[in-house]
Structure formats: structure tokens, C-alpha cells
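Nothing in this text is a laboratory measurement; each read-out follows from the coordinates by a stated rule. Predicted, not measured: the structure shown is a model, and the values here were computed from it. Every residue, glycine as well, gets a Cβ built from its backbone with ideal geometry; the counts of neighbours run over all protein chains shown.
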Amino acid sequence: MGRHQRLAELADVGTEDLVVADLGCGTGRTVRALLASSPGPRLVHAVDATSDLDDDLLHDARVVSRVADLDAPLPFADASMDRIVSMNVAENLADPAEFLRQCHRVLRVGGLAVIGHSDFDTALFTSPDDELTRLLVDRFVAEVPHWQNRADGFMGRKLLSLGVDSPLTLVDVHSWADPHRRFDEGSLAWKIAMGMLAAVRDDPQLTARAAGWVESVRSLADAGRFLFSITDVVIVLRRDS
Ligand SMILES: C[S@@+](CC[C@H](N)C(=O)[O-])C[C@H]1O[C@@H](n2cnc3c(N)ncnc32)[C@H](O)[C@@H]1O
């Protein structure tokens with residue numbers, strides 16, 4: 001079971017006629033997993049700053065696409081949501097604690113928020129050069145990618161305290177690190193590796209070493225000797241009052 005299926009399972013959408021919001025939905029991978037649950041939610045509000053939702057989801061009558069800034073008050077009435085899910089969004093937000101206060105406001109009493117984040121500092125790559133791998137991961141987590149306003153490579157491990165300090169009740173915390181053995185373009189490992197390359201682009205010497213590192217990882221993957229994993233942390237919160 002993949003990350004998005006796990007999130008959908010933790011959101012526990014299989015039993016009622018639920019209204020769900022996916023905050024920072026991206027292309028809609030968690031939305032898709034939510035809809036695949038049986039019987040699935042009645043409505044999923046897919047919210048993001050940009051409109052990247054996959055076409056088939058845009059045409060699904062159960063999906064409402066909303067473009068909104070999650071740094072602003074959530075575009076929902078008080079107590080209007082049964083479930084909230086949000087994956088890999090918190091690091092981008094100016095005030096993640098305020099975001100959880102907003103989640104509390106829009107959830108009905110008894111509603112659940114499932115908030116997940118990869119802890120990018122835990123990126124594990126097999127490579128022939130462990131020291132260079134460590135250096136590249138360090139540079140990656142220290143850098144804010146040019147396509148983001150903010151980043152926090154340690155957000156996964158910070159989620160628990162954010163949840164404890166929020167007005168919601170912490171129900172559970174989960175973590176997992178799925179094994180990935182592919183390094184194809186577009187794979188999760190490849191995307192993180194590209195982030196590592198971007199993080200060293202101002203250092204010509206390191207850029208050249210990083211490019212060689214990517215090729216060595218590609219060779220390991222071609223030989224079936226490559227493993228990548230990253231720890232995801234997920235908190236499940238409930239509105240009790
Ligand atoms: C790493 S992606 C995760 C997408 C999706 N949740 C997933 O796991 O596949 C982060 C998403 O958060 C969105 N995002 C970041 N900051 C935002 C903000 N202030 N308001 C709305 N969306 C935001 C980005 O546009 C992006 O789609």
C-alpha cells in the first residue's frame with residue numbers, strides 16, 4: 001500500500017457520507033486514494049494555490065477544485081468538514097500552527113485531520129559514496145528550492161509537537177519508510193536527487209560531483225542494487241470541542 005492509500009485509510013472515509021478537504025492537493029494523488037475507498041466520501045474539496053489537479057479528477061462530480069492560499073483563513077464555513085487531509089504542505093506555510101487552528105475551526109466536532117509530512121533529512125540512498133550522499137542530503141535540506149517560498153527538511157519530526165500544541169486532540173501518530181528501488185525520471189528518488197542537484201547549483205565543483213553521483217545511482221538501479229526510502233510522519237487529530 002502506498003503513501004496516499006495509507007493517508008486515505010487513516011482518514012477513515014469508508015463508513016459515512018463524508019465531506020473531505022485535501023489541503024494542498026497537488027495533482028490529486030490523495031484525492032484519488034480517498035475516492036477509491038469504499039464507499040468513499042460524498043465530496044472532496046481539492047484545495048491548492050495552483051490548479052494542477054489531474055483532468056479525470058476535475059471531471060469527477062465528487063471533486064470540487066478550489067484555488068486558495070492556505071496561509072489565509074481556510075475558505076470553508078465553521079464546522080463544515082468531516083475530514084481534512086494534507087500531505088507535504090506544512091513546510092510551505094508561514095504559520096503551520098495557525099493552519100491547524102484553521103483546521104480545528106472548519107472541522108465538525110468528531111471530525112478528523114490527517115496531516116502528513118516527509119522528513120527529508122531521512123532520505124536514504126544506496127550509492128558508492130556514502131560521504132557524498134550525506135553531503136548532498138545535508139545541502140538539500142538546508143536549501144529552500146527556488147520554486148518554493150519556504151522549506152523545512154525536518155518538518156516530519158516536527159509534526160507531533162505541532163499537533164500536541166494545536167486545539168485538536170492528538171489521536172495517533174504514524175511513520176513509515178517505503179522501499180523504492182527505481183530511479184526512473186519522475187520517480188520519488190529521482191525527484192529528491194534532482195532537488196539535491198539544484199541545491200548545489202551555485203557550487204561548480206560539487207555540481208560536477210553530484211552529476212557523477214546521479215549517474216552512479218542510475219547504474220546501481222539498472223543493476224537492481226538501488227534502494228531509496230524516506231520517512232513519512234503522519235498525525236491524526238480529532239476535533240473534540
Ligand atoms: C509537495 S506538494 C504535495 C501535493 C500533494 N499533497 C501530494 O502529497 O502529492 C505541496 C503542495 O502544496 C501546495 N501549497 C504550498 N503552499 C501553499 C499555500 N500557501 N496555499 C495553497 N497551497 C499551497 C503546492 O502548490 C503543492 O501543490
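Hey, among the residues in segment 22-36 that are assigned to a helix (DSSP H, G or I) and not small (Gly, Ala, Ser), which one's nearest to SER65 (Cα to Cα)?
VAL31
Mind listing just one residue for me: the one in segment 134-152 that is touching a residue at least 60 places away in the same chain (Cβ under 8 Å) and touching a helix residue (DSSP H, G or I) at 6+ places or on another chain (Cβ under 7 Å) and, of those, nearest to PHE120 (Cα to Cα)?
Taking segment 134-152 and keeping what is touching a residue at least 60 places away in the same chain (Cβ under 8 Å), we get 135-136, 139, 151-152.
Going one step further and asking which of them are touching a helix residue (DSSP H, G or I) at 6+ places or on another chain (Cβ under 7 Å), we end up with 136, 139, 151-152.
Details: LEU136: 12, ARG139: 11, ALA151: 10, ASP152: 8 Å.
Among residues in segment 134-152 that are touching a residue at least 60 places away in the same chain (Cβ under 8 Å) and touching a helix residue (DSSP H, G or I) at 6+ places or on another chain (Cβ under 7 Å), the one nearest to PHE120 (Cα to Cα) is ASP152.
Please list, ordered by first then second residue, the pairs with beta carbon atoms under 7 Å, 6 or more apart or interchain, first in segment 85-108 and hydroxyl-bearing (Ser, Thr, Tyr), second part of a strand (DSSP E or B) and more than 8 Å from the ligand (Cβ to nearest atom).
SER86/ILE115
Which residues, taken from segment 74-86, are away from the ligand (no atom under 11 Å from the Cβ), among the hydroxyl-bearing types (Ser, Thr, Tyr) and not in a loop (DSSP other than H, G, I, E, B)?
Restricting attention to segment 74-86, the residues satisfying the condition of being away from the ligand (no atom under 11 Å from the Cβ) are 76-84.
Remaining after also requiring among the hydroxyl-bearing types (Ser, Thr, Tyr): 80.
Of everything in segment 74-86, nothing turns out to be away from the ligand (no atom under 11 Å from the Cβ), among the hydroxyl-bearing types (Ser, Thr, Tyr) and not in a loop (DSSP other than H, G, I, E, B).
Residue under question is VAL63, and the condition is that it be of a type in the set (A, V, I, L, M, F, W, C), farther than 29 Å from SER161 by Cβ and within 9 Å of the ligand (Cβ to nearest atom); does it hold? Write out each step before concluding.
Details: of a type in the set (A, V, I, L, M, F, W, C): yes; farther than 29 Å from SER161 by Cβ: yes; within 9 Å of the ligand (Cβ to nearest atom): no.
Criteria not met by VAL63.
So which residues in segment 87-106 are near the ligand (Cβ under 9 Å from one of its atoms), polar (S, T, N, Q) and not in a loop (DSSP other than H, G, I, E, B)?
Matches in segment 87-106: ASN92 only.
Out of segment 8-21, which residues are surrounded by fewer than 24 Cβ atoms within 10 Å (Cβ to Cβ) and either touching a Gly at 6+ places or on another chain (Cβ under 8 Å) or in a helix (DSSP H, G or I) (or both)? If you could, list the steps in order and put the result at the bottom.
Taking segment 8-21 as the starting set, the residues that turn out to be surrounded by fewer than 24 Cβ atoms within 10 Å (Cβ to Cβ) are 9-10, 12, 14-19.
Listed by number, the residues that qualify are GLU9, LEU10, GLY14.
For residues that are outside any helix (DSSP H, G or I) and within 12 Å of ALA210 (Cβ to Cβ), tally how many sit in segment 126-147. Spell out the reasoning first.
Here is the first cut: in segment 126-147, the residues outside any helix (DSSP H, G or I) are 126-129, 143-147.
Next, from what is left, pick out any that are within 12 Å of ALA210 (Cβ to Cβ): 127, 129.
The qualifying residues number 2.
Which pairs do you get when a residue that is small (Gly, Ala, Ser), found in segment 20-34, comes within reach of a residue that is near the ligand (Cβ under 6 Å from one of its atoms) and part of a helix (DSSP H, G or I), reach meaning Cβ atoms under 9 angstrom, with the pair 6+ apart or on two chains?
Within 9 Å, the pairs are GLY24/ASN92.
Restricting attention to segment 111-147, report how many residues are out of contact with any strand residue (DSSP E or B) (no Cβ under 7 Å at 6 or more places or on another chain) and among the small types (Gly, Ala, Ser).
Count: 2.
Being closer than 15 Å to THR27 by Cα and in a loop (DSSP other than H, G, I, E, B) is the filter here, so list the residues in segment 56-67 that pass it.
Filtering segment 56-67 down to residues closer than 15 Å to THR27 by Cα leaves 56-60, 63-67.
Selection gives HIS59, ASP60.
Of all residues in segment 204-228, count the ones that are surrounded by fewer than 17 Cβ atoms within 10 Å (Cβ to Cβ), under 21 Å from GLY153 (Cα atoms) and in contact (Cβ under 8 Å) with a residue 24 or more places away in the chain.
Summing the residues that are surrounded by fewer than 17 Cβ atoms within 10 Å (Cβ to Cβ), under 21 Å from GLY153 (Cα atoms) and in contact (Cβ under 8 Å) with a residue 24 or more places away in the chain in segment 204-228 gives 1.
Can you confirm whether segment 75-91 contains a residue that is surrounded by 17 or more Cβ atoms within 10 Å (Cβ to Cβ), over 30 Å from PRO41 (Cα atoms) and among the aromatic types (Phe, Trp, Tyr)?
No: zero hits.
Starting from residues that are within 18 Å of LEU237 (Cα to Cα) and within 16 Å of the ligand (Cβ to nearest atom), keep the ones in segment 14-54 and report whichever is farthest from the chain's Cα centre (by Cα).
Selected residue: VAL20.
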